[in-house]
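One structure below.
Just so it is clear, none of the values below were taken in a lab; they were calculated from the coordinates. Bear in mind that the values here come from a model prediction, so they are computed numbers and not experimental data. Because the Cβ atoms are built from the backbone with ideal geometry, glycine has one as well, and the counts that use them run over all protein chains shown.
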Amino acid sequence: MSVKPPLTDLPIKTADSGFYRGFSVNVAVISKIIISMLVVWCIVWPSEAGTILGNWNSAILAQFAAWYIWVVAAFVIVCLGLALWPAGGRLNLGQDGEVPEFSNFSWFSMMFGAGIGVGMLTWAVAEPIAHFKNNPAVIQGVTTALDANNVREAYIWSYLHWGLGAWACYAVAGLSLAFFSYRRGLPLTIRSSLTPLFGKALSGNLGHLIDIVAVVATILGVAQTLGFGVEQFVAGLNRIGIAGLVQEDGSATTMGIVVALIVIMGASTLSALSGVGKGIKWLSNINMVLSITLLGFFIIFGATWFGAMAFFVGIFDYLVALPWLSFNVYSSDGVEGSEAFLLTQWQGWWPVFYWAWWIAFAPFVGLFLARISRGRTIREFVLGAMIVPSLMCFVWFAWAGGTAVDLELNGAANGVILEAANGDKIFAMTEFMLSPISEALAWGMAVMIVVLLMTFLVTSADSAVLIVNTINAAGDEGPKARPHILFWGVALALVVGGLLISGGTGAIQTAMVIGALPFSIVMALMCVALIKAIWNDGRREAAGIPTTTDNMSATPAE
């Protein structure tokens with residue numbers, strides 16, 4: 001069979017004039033309608049929305065838990081395989097010989113800040129503590145809750161959720177988008193990554209549907225991250241002396257949610273208006289410096305040796321357990337309270353939830369990674385966007401979370417960290433550590449964490465707004481109309497606020513798990529399309545057929 005030239009032209013109809021000039025009306029309008037309906041539903045009928053979303057979530061977890069577990073395992077295998085594949089790993093995510101736009105420091109800073117930087121401040125402390133208290137080994141009676149024999153198990157699960165699987169979701173989306181946009185010259189939008197499978201059909205309704213699914217998943221995935229961040233931001237404001245924003249149980253009041261969203265989304269919208277190369281890059285560099293400062297505090301003044309053991313031993317345990325953890329799916333026997341039931345329930349609360357979160361976050365982070373990674377090879381991309389960030393997460397969990405675990409294990413904290421709300425745990429821990437030395441020092445540390453958290457939140461939110469607009473504008477990376485940036489900034493704030501008010505972060509988790517399901521199918525197809533494209537490019541090179549747009553004209557088929 002003869003090898004055809006690659007597809008390098010995918011026209012997407014956009015409006016020539018009016019309010020939506022330069023935008024795909026089908027994608028932009030329908031996405032706005034779906035998100036607006038969700039906002040109105042959650043704010044006007046919060047109880048009904050919470051109940052229905054909960055029922056849908058239960059059904060999805062029951063029917064698709066195995067799919068989420070296995071598809072993420074496939075993403076890890078595909079990414080590592082592409083990096084090791086000689087024909088794939090050497091390919092430039094751009095034209096041949098093209099060099100990266102951003103320095104390594106700015107690249108890592110933007111990648112980490114927009115990826116899961118916000119989650120680090122909540123979960124680097126909260127998750128090891130949570131698994132130290134309960135995990136499958138505790139449920140099965142292999143280890144004991146809050147005992148030294150449970151520390152290694154706690155880190156296996158913490159590293160699983162924030163390690164290679166998380167970043168593989170982002171890398172799959174980023175690789176696909178960068179490959180087809182910068183090597184093929186196709187629009188920087190989700191549909192372009194499926195051209196080897198569907199070709200020109202993606203110019204029409206099929207392509208519109210794929211981009212709409214990506215926009216909705218992006219908004220819900222970012223809403224999940226912002227939901228955790230908002231609650232932690234409010235907890236931080238309460239710690240530094242701003243009263244009236246937190247309820248007795250430690251959750252944010254409606255006023256607290258509103259204040260936090262006004263501050264965060266206002267700043268993020270202004271940053272989004274300035275573009276990737278200015279506001280987002282500047283904020284990313286700031287939060288990377290603050291992150292290193294905070295992490296240095298935990299390494300030097302926290303549980304230094306305990307953290308080192310958690311890091312090195314934890315990584316060893318994680319890698320040994322990874323093959324089994326990547327494919328194991330617990331099955332419930334239907335008996336509430338039984339071991340099988342509790343294991344299945346726990347897996348739904350943790351691994352399945354996390355895989356859905358990372359998948360929902362993937363169109364946003366993936367497109368953003370593609371935007372900042374042009375000119376890097378596939379091998380370099382996988383190393384930089386999958387392995388290095390995983391190690392950074394492990395460092396945070398080892399020393400920030402390890403300090404918390406050590407303080408509770410030796411009895412010094414006496415439940416102060418354990419009993420705090422998840423978003424408040426890092427503040428509770430730093431206050432416990434510094435208050436005996438100086439109240440002013442403890443207050444200053446809380447202020448620094450609040451500022452760091454805000455820069456992470458703003459970076460994530462403004463990046464998401466730009467990415468959603470890029471998808472709506474048929475992949476146009478240029479300046480977008482200000483009203484559309486403002487709309488998505490407000491819409492994102494209302495989604496977070498509406499879901500928090502209707503059911504707290506649990507409602508956001510539910511909506512996100514639901515929204516991630518259709519996009520997980522798109523991502524699985526991305527893997528197939530990317531492998532097919534690279535394989536065919538090898539055949540094209542052997543036949544002397546050009547594979548990049550710098551030496552070819554638009555051609556009709558993949």
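Report ³J(HN,Hα) in whole Hz for each residue of the stretch 172-180, in order, from the Karplus equation J = 6.51 cos²θ - 1.76 cosθ + 1.60 where θ = phi - 60°; Gly and Pro get x.
Ordered by residue, 3J(HN,Hα) equals 4, 5, x, 4, 4, 5, 5, 4, 7 Hz.
Would you please give the FRET efficiency between K4 and E439, computed as 1/(1 + (r/R0)^6) with r the Cβ-Cβ distance and R0 = 56 Å, to the nearest 0.05?
Efficiency, rounded to the nearest 0.05: 0.20.
Scan around V246 for amide H atoms under 5 Å from its own, H built in the peptide plane at 1.01 Å from N, and keep only partners 5 or more places away or cross-chain.
For V246, whose amide H was placed from the backbone, the distant partners under 5 Å are T253.
What is the ratio of the Cα radius of gyration of the stretch 215-367 to 2.2 N^0.38 Å, where N is its residue count, to two decimals?
Here the Cα radius of gyration is 1.35 times the empirical estimate.
Going by amide H atoms built from the backbone, whose H comes under 5 Å of the H on T377, apart from near neighbours?
L93
Quantify how much of the Cα-Cα distance distribution of the stretch 223-266 extends past 15 Å, in percent.
31 percent
Based on the Cβ-Cβ distance from I501 to K532, what FRET efficiency comes out when R0 is 35 Å, to the nearest 0.05?
With R0 = 35 Å, the Cβ-Cβ based efficiency is 0.15.
Mind ordering 532-543, 392-403, 346-357 by average Cβ neighbours within 10 Å, highest first?
Details: 532-543: 15.7, 392-403: 26.2, 346-357: 22.5.
So the order, starting with the most tightly packed, is 392-403, 346-357, 532-543.
Based on the mean of other beta carbon atoms within 10 Å per residue, what is the order of 483-496, 214-227, most packed first?
By packing density, highest mean first, the sequence is 214-227, 483-496.
What ranking, highest mean first, results for peptides 158-164, 522-528 when packing means the other Cβ atoms within 10 Å averaged over each residue? Please report the intermediate quantities before stating the final value.
Values: 158-164: 24.4, 522-528: 20.4.
Peptide ranking by packing, descending: 158-164, 522-528.
So how much slack lies between V447 and A145, counting 0.36 nm per residue of separation and subtracting their Cα-Cα distance, in nm?
The span from V447 to A145 would gain 105.4 nm if fully extended.
Enumerate the calculated ³J(HN,Hα) couplings along the stretch 195-201 in order (Karplus 6.51 cos²θ - 1.76 cosθ + 1.60, θ = phi - 60°), each rounded to whole Hz, writing x wherever the residue is Gly or Pro.
With the stated coefficients, the stretch 195-201 comes to 4, x, 9, 10, x, 5, 4 Hz.
Roughly how many whole Å is it from the C-alpha centroid of the stretch 162-181 to that of the stretch 396-410?
30 Å
Bin by bin, in steps of 10 Å, what percent of the Cα pairs in the chain do you find, going until the bin that has the longest distance?
Whole-percent P(r) values from 0 Å outward: 4, 18, 29, 27, 15, 5, 1, 0.
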